[in-house]
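Structure first, then comments.
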Amino acid sequence: MRNNATRAPSHFLVLPAAGSGQRMGGDRPKQYLELLGKPLLQHTLERLVRIDGFECIVLVLAADDPWWPGVETALSASVQMKLKVVEGGSERFASVHNGLMALHDIAADNDWVLVHDVVRPCVGLDDVERLMQTLRDDPVGGLLASPVRETLKRADGNGVVLQTIDRTGLWAAATPQMFRYRLLRDALQKTSATNRIVTDEAEAVEASGHPVKLVQGGADNIKITWPQDLALAALILAAGR
């Protein structure tokens with residue numbers, strides 16, 4: 001690990017992409033579904049590499065991923081020169097932890113790591129840059145998010161409303177989520193040691209007792225979860241967002 005005492009913090013990008021995406025159906029994980037002639041994964045990589053300042057991009061894939069070689073050969077040289085591929089784990093937090101460990105020899109404790117859902121190909125580059133700028137001097141970090149706009153209902157197992165939830169103060173978490181390297185690594189190690197399942201990096205950091213900041217991002221930073229999301233993503237990308 002490098003000494004961080006005499007230089008400005010570096011930025012690293014970790015993209016967990018070891019999931020199976022079962023809710024999408026189809027014959028392949030959703031990160032390899034085609035969007036405007038390219039796999040989702042390729043869109044995300046080529047979009048984020050346009051941001052200056054990422055020293056390394058760590059892509060975390062499932063073991064023996066049969067779809068990756070075809071995408072790798074189609075990537076631009078600008079992506080390939082920064083890309084490091086590592087094997088993921090059974091849960092998202094384990095995959096992210098593997099990605100962080102791949103940076104052990106090059107990242108200092110105080111460096112920044114941005115973790116992004118690879119199936120969010122429409123993330124606004126201006127939003128990512130604002131996240132980096134807003135948190136530049138923060139000791140912990142934070143995430144892109146957007147205030148909840150819809151009325152929220154809690155339902156039982158039969159689809160019957162149990163409660164209407166007050167949305168005041170509620171935000172929908174998105175990515176990238178950006179934290180100090182050592183802090184995030186330690187939070188995920190603690191998560192693993194206690195067998196706690198977390199749904200995102202921010203939850204692991206919160207559980208460690210650190211304050212996490214919210215930075216408002218665009219509502220079009222959609223996560224591809226259902227088949228109809230592909231059509232919406234195509235419209236957003238075609239509009240030049």
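Only the coordinates and a few stated rules stand behind these numbers; no lab work does. None of the values given here were measured: they were computed from a predicted structure. Cβ: placed from backbone, ideal geometry, glycine included. Neighbour counts: every protein chain shown.
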- Note on the structure: Excluding residues fewer than 8 positions from residue 223 in its own chain, the aspartates and glutamates with Cα under 12 Å of it are 117
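Compute and list, largest first, the equivalent-ellipsoid semi-axes of segment 1-125 from the alpha carbon gyration tensor, each √(5λ) rounded to a whole angstrom.
Working: eigenvalues 132, 53, 29 Å².
Gyration-tensor ellipsoid for segment 1-125: 26, 16, 12 Å.
Would you compute, from DSSP H runs of 4+ residues alone, the mean residue ellipticity of the chain at 222 nm, taking -39500 (n - 2.57) per run and dividing by the full residue count, rounded to the nearest 500?
It lands at -8000 deg cm²/dmol.
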- Message: Among 53, 14, 81, which residue has its Cα furthest toward the positive end of the charge dipole of segment 1-125, with +1 on Lys/Arg Cβ and -1 on Asp/Glu Cβ?
- Response: 53
- Query: For residue 207 and residue 186 in one chain, what is 0.36 nm times their gap in residues minus the Cα-Cα distance, to one decimal in nm?
  - Reply: 6.4 nm
- Message: If I build a Gaussian network model for the chain, linking alpha-carbon pairs within less than 10 angstrom, which residue out of 70, 157, 89 has the largest mean-square fluctuation?
- Response: 157
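Please say if the chain is rounded, prolate or oblate, where rounded means a/c under 1.5 for a ≥ b ≥ c the square roots of the C-alpha gyration tensor eigenvalues, and otherwise the choice is prolate for a/b larger than b/c and oblate otherwise? It would help to have the intermediate numbers written out before the result.
Working: a/c = 1.42, a/b = 1.10, b/c = 1.29.
Cα axes put the chain in the rounded bin.
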